[in-house]
Structure formats: structure tokens, C-alpha cells
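J.: Dropping the structure in here first, questions after.
The values are calculated or read from the model by the stated rules, or taken from the named source; none is laboratory data. Computed from a predicted model, the values in this text were never measured in an experiment. Every residue, glycine as well, gets a Cβ built from its backbone with ideal geometry; the counts of neighbours run over all protein chains shown. Please note that ligands, DNA and RNA were not included when accessible areas were found on the heavy atoms of the full protein model with its side chains. Shrake-Rupley method; radii C 1.70, N 1.55, O 1.52, S 1.80 Å.
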Amino acid sequence: MKIYSLPTLDKLNATVPADLDAKKIAADWMASFVSCAESGNVAEFADLFIDESHWRDMLALTWDFRTFNGLADIRQFLTDRLAASHLTNFRIRDEMTMLLRPYPDIAWINLVFDFETKTGLALGIARLVPHPSGWKAHCVYTNLEELKGFPEKVGALRKNAASHTTYAEERREALSFMDTSPTVLVIGGGHSGLGVAARLKYLDVSTLVVEKHARVGDNWRTRYDGLCLHDPVWYDHLPYMPFPATWPVYAPALKLANWLESYAEALDLDVWTSSTVKSARPNSAGGWDVVVDRAGKERVFQVKHVVFATGVGFPEDRFKGQILHSTQYKRPADHAGKKMVVIGAGVSGHDVAAECYNHGIDVTMYQRSSTYVVTKASLEGLMKQAYWEGGPPADLLDRMAASFPNLMNIPLNQRLAAKIQEDQRELLDGLNKRGFKTNNGTLETGFALLALERLGGYYVDVGASQLIVDGKIKVKNGSQLAEFDETGIKLEDGTSLDADVVVFATGLGDARNGVRKLCGDAIGDQCSKIWGLNEQGELHGAWRGLGVPGLWYMLGNLQMSRFHSKHVALQIKAMEEGVFEGRYGGAQLQ
């Protein structure tokens, strides 16, 4: 994984004048940018960037998620795609142009602009840095916002005609799919499945969500009673229907479950509960045959697209106690008087261990590898710079966050993580003294790359860390699990952990396993990896093509779902309307 340097003033051999007119500099740069875009002059376009620059595109020019790192890659990308994309109608948002100084040795002018491509309306964000030959771009981000001729049916475009049939009849008919198949079938009715279904519905794409539980939201209701979100409310809004101003900063899981159920109802999403997908296989028409079991009756749908939104086993041997995954653990009272071992030291592992200790249960946490720990206070300090009360709209913040390409952002995250680590030194030292192993994240970036590479490996501390420091939650590590015996767990170093209950808080493995189960190994073998970063710093398969036509995967937290559900919906809508041009894979679209 390549690490790029920061555009510091020393590296750029530049200074920032006291009488800087940021709006004029941005307007002048934008005028040159527009001139090059409209003329197709790639050579002059490249002169607007510093050598170590970056361009990240989400669908606007490439119909893919691509980041071009370095001027040579940007020049090739523009050679291939600039003229064909027909960029026009640039409009700078003057009110958002400003000079920012994230650190004393870094300065950039942030500017936001709207523009159009051949097929859509788009948004761009650029950051200009000082250079001896004038202000130049260090980074440009372009994002497809809407398809021309196919807007979302929201606001002034919402349903206007009065209905003279009963609403109940309309909903029964829509939900039945009596004589028709949906265009899209979404597997899983959690936040990811509902988010993409909402986006598709209001793009006029027929969509059915199949949810195995009896009620929407049961994937949260059935988790442990003490589960609470660790991300603040401003980060977690759903598409079209933000949480009310009364919503708690950190929502309990049960409250979120009820909200998801009301969300599906309010947005008239077509969801079949108590239903399971038995299989999904490609058919000769280029679509998918999907078998759904609903209350013991099977239906076979012929759909164009299948979206997995199901999220991401362990040896039992001779153990005579109880083994649970954290998704099966419910409450401490179920294990009163027992000795518990929690395997895993991420968020769920800490939550379960702390809750059980606080209810009088003897708990040992088995730590398989070191953990990145960040306190709630540190996380709030980061969030308060953006996703917090009085901050900009979440949709704009999503785009601002995406405008920092993942590889380019590594040195910035390293600076943040170093500061947080120093602020937390007393806590981390206390954990280490108890034998709990900590790290500062992949490449010393805190939780940023851990989330993108592993979807785990970290803990947002809401109290469990102090219980470990105080010796109240015991810790065991340093040797790998060998086997279960009659009384607990044997480790490879010959030691053992006695247990009546073992809770695995270890994640659920490769997301492609669900694809293999329903679509077969042949399709599973064709799928790209779903999570983790590729050489450009983009996720392998989530929210973009998986390498199998008509197959998609929604994955991630509430913020990721809100932002990227629109990307998935726009791709599907473009394909259905015949305006999807193919993904840029080099010199041409594929």
C-alpha cells in the first residue's frame, strides 16, 4: 500500500500571503479548469495540478469508483475520458470557497462546484495548494448526483395526484407482486437493504426486500439488550428521512430497530418479512431466477438485479458448556452464576464482557491480536468538527469526507492518530500493564484503515477499558486457541480457560460466503473481493460491480449505507434506462 506525502508548505516551497483572496484564486483556477474541460486540452489541464496530486471519481466520469494517484495517472485518465464525458455547465458554490489550515504547515483553498456530464448532474470538490507558479490542485473529487431525465421523485417531484382507492388496498397490491417480478430483489431488510430499496423506489425501479425475520428491525432487536450505537446521530441519518431533533446522540439498538420498521412503512417500501431466499441463479435472459420462501410457499421471480444486504463458524469439539456468537447473546441474566469467556476484543467483545461483569458474572476476554482503542471523548472530538449539532447537512459532509482519497489520506490520519494516542496515554499504559495489547491502527492511522480493511479490530471505549485496567475483566492472550475440552478452552501453550459459556465476538467471515450459499460456487468464484482496499485505495466490490452482471453488495455502517445506496441505485437505474456506458478500465469503458 503506497503512502503519499502531505502537501506541506516546506515541500511545496510556498507561503500563504496575509492578504489572500481565496474566492478570487478559486474563481481563476476554476475558469482555467472549465476552459480545459470544454476544449479537451489535457496538457493544459495537467498544468493545473501539482505533481503528487489525486483525482477521485465516483461514477461521474468512469461509471466506477476510481482514484488516480499522481499526475501521470491523472493525465492518462483525462486523455481517455475527458472528451467522451462532455463536461459542461460548471457553477462554483462561492459560499463554500474558503482557506483552511488543518495544521500550521498545511494550507489549502477548498472549493465546491456543480457541473454536468453527458448523462448526469454531478458535484465536484477541489483543494488548491500554494505553489511557486500559482495555486494548483492537490486533489479533485467528482461524484455523480443525478441522471439526466431520471430524477429522484422527491420534493416538487413527489406524488401529487390524490388517490381515490384506499391506501390499504394500494399497499396490499404492491406488496403481493401477484403477476409480476420486481426489477431488483434485495436480500436483507436492515439499514443497508432498506436504504438502497428507498433510493430505487424513488427512481421508479421496482424493488422487493426479502427479510428473514418476522419484523423489520429484528436484526437489531435480537441482539444483546445493552447494545447501543457508538456513532452519533448526525452521522447516522437514513436517506430521505433524517432522525428527529429529539433523537438521542447514541441510539439504543431497540430504538433504531423500531425506527427502521417505521422507516419502511413511511416510505412505502415493499418488504416481505418471515421470508427467505432459497437460491439465486443466473438465467438465459441475462437476469436472475430467485426462489423465495414466504410462509412455506415458494415463489420464483425473474429479476434483473440481486442486491445482497446481509452483512458479513467455529469449532465446538467436546465442550459441554454453551457456545454462542455475539449475535446470539442476549442478556447477562441468561448466564447468572456462570463463568464466561469472550473470544474477541472488538466492539461486541467489550460490550458483552462489560455488561456481564456489571451483572456479577466472572468474565475473561481472550484477545486473539492487538486492538486499537479510541475513547468516546476522542471520537467525539473528531465528530464535532463535522457530524455534530449545528454542522453542515449530512449529505454534504458525506461528499466532503469522500473527497479525501483513502491512500492520500493516510498521512493526515497518522497525524490524527498520533495526537489521539498521546491524549490517551494513561489509559493505554493501564491496559498494557494488564496484558491487553493495543496498537495504533494499520500503518499508524487509528481506526481509518481498520474500518476499510477489516470492518473491525478496534474498540470505541464507553467504559470496558477501565474495567480491564482495574482487573475486573480478566485478559488472556499470547497463545492461540487449540481446542475445546470438557471444561473450557485449551490453548497451544498448554494453559486452559475454564468456562461455562463461550461467546464468540469475532465477526462473521468473508461476505462472499453468503453469495456462494445462494448463488453457487461458480458465481462465488467470479465475484471480486467485497471488502478491503485495492491498489488505488478503493474498496474491492462493495457498492460497485462484483464482476458478475446484476449482482451487488451493500455493506457498511449507517453513514456508508446512506451515501453509497445512492451510488448503487444510480448504477442500476442507468443500466435499466440504457444510459450506463460501462466501467472505465483503462483506455476504454468495459
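J.: Could you name the lysines whose alpha carbon sits less than 28 Å from that of Lys566, not counting residues in the same chain fewer than 8 places away?
T.: Lys566 reaches Lys118, Lys148, Lys153, Lys159, Lys201, Lys212, Lys255, Lys278, Lys304, Lys384, Lys517, Lys529.
J.: A follow-up question, please. If you count the DSSP beta bridges with both ends in the chain, what percent of them are antiparallel, to the nearest 5?
T.: 60
J.: For Trp247 and Ser32 in the same chain, what is the full-extension length gain: residue separation times 0.36 nm, less their Cα-Cα distance, in nm?
T.: The Trp247-Ser32 span can extend by a further 72.8 nm.
J.: Tell me the volume per residue, in Å³, of the convex hull enclosing the alpha carbons of region 34-95.
T.: It is 101 Å³ per residue.
J.: What does the accessible area per residue of region 106-257 come to in Å², with a 1.4 Å probe and no ligands, DNA or RNA counted?
T.: The answer is 40 Å² per residue.
J.: Give the relative contact order (percent, whole number) for region 403-540; include only Cα pairs under 8 Å separated by 6+ residues.
T.: That works out to 19 percent.
J.: Run the paramagnetic zone check for Glu426: 7 angstrom along Cα to Cβ, then residues of region 372-410 with backbone nitrogen under 20 Å.
T.: So the set is 373-382.
J.: How big is the Rg/Rh ratio for the chain, C-alpha atoms only, Rh by Kirkwood, two decimals?
T.: Reported Rg/Rh, Kirkwood definition of Rh: 0.98.
J.: Same structure, new question: Which shape class, rounded, prolate or oblate, goes with region 255-295 when its Cα gyration tensor gives a ≥ b ≥ c as root eigenvalues, a/c under 1.5 marks rounded, and past that a/b bigger than b/c marks prolate?
T.: Prolate, because a/c is 1.5 or more and a/b exceeds b/c.
J.: Just read off the accessible area of Met98 with the full protein assembly in place, 1.4 Å probe, to the nearest 10 Å².
T.: About 80 Å², rounded to the nearest 10.
J.: Right, something else. Quote the relative contact order of region 341-435 in percent (integer), defining contacts as alpha-carbon pairs under 8 Å separated by 6+ residues.
T.: 22 percent.
J.: Using helices alone, I'd like the mean residue ellipticity at 222 nm for the chain: each DSSP H run of four-plus residues gives -39500 (n - 2.57), total over residue count, nearest 500.
T.: -9000 deg cm²/dmol
J.: In a shell of Cβ-Cβ distance under 14 Å around Glu116, excluding Glu116 itself, what net charge do Lys and Arg (+1) and Asp and Glu (-1) give?
T.: -1
J.: Which of rounded, prolate, oblate describes region 92-216, given a ≥ b ≥ c as roots of the alpha-carbon gyration tensor eigenvalues and a/c under 1.5 marking rounded, otherwise prolate only if a/b is larger than b/c?
T.: Prolate.
J.: Still on this model: Applying 1/(1 + (r/R0)^6) with R0 = 45 Å to the Cβ-Cβ distance of Lys330 and Glu173, what FRET efficiency is obtained, to the nearest 0.05?
T.: Efficiency at R0 = 45 Å is approximately 0.75.
J.: Sticking with this one: If R0 is 51 Å, what FRET efficiency do you get for Arg93 and Gln526 from their C-beta distance, rounded to 0.05?
T.: Rounded to the nearest 0.05, the efficiency is 0.75.
J.: Express in nm, to one decimal, how much length is gained between Asp10 and Asp293 on full extension, taking 0.36 nm for each residue of separation and deducting their alpha carbon distance.
T.: 95.5 nm
J.: How large is the accessible surface per residue of region 405-563, computed with a 1.4 Å probe and reported in Å² as a whole number?
T.: Averaged over the residues of region 405-563, the accessible area is 41 Å².
J.: What shape does region 325-447 have by the C-alpha gyration tensor, where a ≥ b ≥ c are the square roots of the eigenvalues, rounded means a/c under 1.5, and otherwise prolate means a/b greater than b/c and oblate the rest?
T.: Prolate, because a/c is 1.5 or more and a/b exceeds b/c.
J.: Could you tell me the distance between the Cα centroids of region 473-497 and region 387-421, to the nearest Å?
T.: 40
J.: Within region 51-91, whose backbone N sits under 19 Å from a point 7 Å along Cα→Cβ of Tyr103?
T.: Under 19 Å, as judged by backbone N against the label point of Tyr103, lie 51-54 of region 51-91.
J.: Follow-up. Accessible area of region 242-361 with a 1.4 Å probe: how many percent of it is carbon plus sulfur?
T.: That share works out to 50 percent.
J.: If the cut-off is a Cα-Cα distance under 22 Å, which lysines reach Lys472, setting aside same-chain residues fewer than 8 apart in sequence?
T.: Filter leaves Lys330, Lys338, Lys339, Lys376, Lys433, Lys437.
J.: Using a 1.4 Å probe on the protein heavy atoms, what percent of the accessible area of region 384-451 belongs to carbon and sulfur?
T.: Carbon and sulfur atoms account for 51 percent of the accessible area of region 384-451.
J.: May I pose another question? What's the extension gain from Lys24 to His86 if we count 0.36 nm per residue and subtract their Cα-Cα distance?
T.: Gain in length upon complete extension: 19.7 nm.
J.: Still on this structure, please answer the following. For region 4-52, what is the largest minus smallest coordinate of the Cα atoms on each principal axis, given in angstrom and ordered from greatest to least?
T.: 34, 29, 13
J.: At a Förster distance of 25 Å, what's the computed FRET efficiency of Leu254 paired with Ser370, Cβ-Cβ distance as r, to 0.05?
T.: 0.15
J.: Quickly rank 197-210, 364-377, 162-175 as a protection proxy: mean count of other C-beta atoms within 10 Å, highest first.
T.: Sorting 197-210, 364-377, 162-175 by mean packing, highest first, produces 197-210, 364-377, 162-175.
J.: Would you mind pulling out the separation of the Cα centroids of region 448-471 and region 11-52, in Å?
T.: 42
J.: Write out the trypsin sites (Lys or Arg not before Pro) in region 1-86 meeting two conditions: DSSP loop, and at most 15 other Cβ atoms within 10 Å of their Cβ.
T.: Within region 1-86, the qualifying trypsin sites (Lys or Arg not before Pro) (loop, at most 15 other Cβ atoms within 10 Å) are Lys2.
J.: Which value in nm describes the separation of the simple spin-label points at Ala214 and Asn358, placed 7 Å from the Cα toward the beta carbon?
T.: 2.8
J.: Using the eigenvalues of the Cα gyration tensor, what equivalent ellipsoid semi-axes result for region 1-160 when each is taken as the square root of five times the eigenvalue, whole Å, largest first?
T.: Values for region 1-160, descending: 28, 19, 15 Å.
J.: In percent, what relative contact order does region 187-283 have, based on Cα pairs under 8 Å that are 6 or more apart in sequence?
T.: The value is 40 percent.
J.: Round to a whole number: what % of the accessible area of region 34-131 belongs to carbon and sulfur, probe 1.4 Å?
T.: 49
J.: Using 7 Å Cα-to-Cβ label points, what is the Thr495/Trp388 separation (nm, one decimal)?
T.: 4.1
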